[in-house]
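One structure is given below, encoded as structure tokens.
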Amino acid sequence: METHHHEHNHQLTSLNKAFLIGIFLNVAFVVVEFSVGFYSNSLGLLSDAGHNLGDVASLVLAMLAFRLQGVSPNSRYTYGYKKSTILVSLLNAVILLVAVGVIVAESIDKLFHPVAVDGFAIAWTAGVGVIINAVTAWLFLKDKEKDLNVKGAYLHMTADALVSVGVVVSGLVIAYTGWSIVDPIIGLMIAVIIVISTWGLLHDSLRLSLDGVPVGIDSQKIVQLILEQPGVKSCHHVHIWAISTTETALTAHLVINDIAKMEQVKCSVKTVLDQAGIHHATLEIEDEGTTCDMECCKD
């Protein structure tokens, strides 16, 4: 128990540091990118700055949710605030899609009303963006599979780094050819990349917010694992849902052949469920000969 507590505190401290560094770097870059974009009339830079500002908001919300996840349960919130991690991941996905709408509208307008832009200023600024986004993505690399919000931060920063590479290329093209129309085209490409990188996050967070089975857990395999345990005859009323972006819960009714071995059966079932990634299991035991068929036992 002590080891788990130590590991949790280490992860909390590590991710807090990652979020704070990522937020600071991206806020500084947004200010620079917006200033250069405004000065050079670059929609590519302005749209990317807007996207990065959305990422700053996402990082702040994700850090807040991560900290709320550690708040102890109380009489009113018996799970604590762990569900906030799911709501934040959904909100982050919505924020990014709203940003896409703004970028697309502005890009279409610039396609029909092109404006001269400074290609070298775009290229240099976006080049800094590649470094900032790559460093921020690296901060979340080792923990990206442990939490949906951390994974979202990693994917966003990685996508931003790729987007910034595209903006560098567009800046160089504009500088050497004078084709200003490349700028709004890059803006539209950024919008497409944001949608692609956000879609999985939107799908997963929406699924978890509706108490769906978390991605990566096969409910049929879980039932099979339960049935394979000694003494279990059958199971029903199986429900699997996410308490947070990192914790999964299960409730089930188990029919066993010997009520005297109830505790052994519960222990073996909870052990295999824990190994399968379900750490909160509530099991109702029913004797084979007296299976409950009353209304209170039904869903």
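Summary table
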| read-out | value |
| --- | --- |
| Sole residue being buried (at least 18 other Cβ atoms within 10 Å of the Cβ) and among the small types (G, A, S), chosen from S205, S209, S219, S234 | S205 |
| Matching option when the condition is out of contact with any helix residue (DSSP H, G or I) (no Cβ under 8 Å at 6 or more places or on another chain), modelled with pLDDT of 90 or more and not polar (S, T, N, Q), among K261, K233, K266 | K266 |
| Enumeration of residues in segment 58-72 that are among the small types (G, A, S) and surrounded by fewer than 17 Cβ atoms within 10 Å (Cβ to Cβ) | G70, S72 |
| Pairs, first closer than 19 Å to L148 by Cβ and surrounded by fewer than 22 Cβ atoms within 10 Å (Cβ to Cβ) in segment 245-263, second at pLDDT 90 or above and of a type in the set (S, T, N, Q), C-beta under 8 Å, six or more apart | A249/T282 |
| So N41, is it within 18 Å of L139 (Cβ to Cβ) and assigned by TED's automatic domain parsing to the domain that holds D147 | no |
| Some residue of segment 23-42 being loosely packed, with under 15 Cβ neighbours inside 10 Å, over 17 Å from the mean Cα position of the chain (by Cα), in contact (Cβ under 8 Å) with a residue 24 or more places away in the chain and not in a helix (DSSP H, G or I) | no |
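To keep it simple, each residue is scored yes or no on (1) in a helix (DSSP H, G or I); (2) in contact with an Asp or Glu (Cβ under 8 Å, 6 or more places away or on another chain).
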{"residue": "S58", "(1), (2)": "yes, no"}
{"residue": "Y77", "(1), (2)": "no, no"}
{"residue": "K82", "(1), (2)": "no, yes"}
{"residue": "S89", "(1), (2)": "yes, yes"}
{"residue": "A99", "(1), (2)": "yes, no"}
{"residue": "V104", "(1), (2)": "yes, no"}
{"residue": "D109", "(1), (2)": "yes, no"}
{"residue": "I122", "(1), (2)": "yes, yes"}
{"residue": "K142", "(1), (2)": "yes, no"}
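The values are calculated or read from the model by the stated rules, or taken from the named source; none is laboratory data. Owing to the predicted nature of the structure, the values given are computational and were not obtained by experimental measurement. Because the Cβ atoms are built from the backbone with ideal geometry, glycine has one as well, and the counts that use them run over all protein chains shown.
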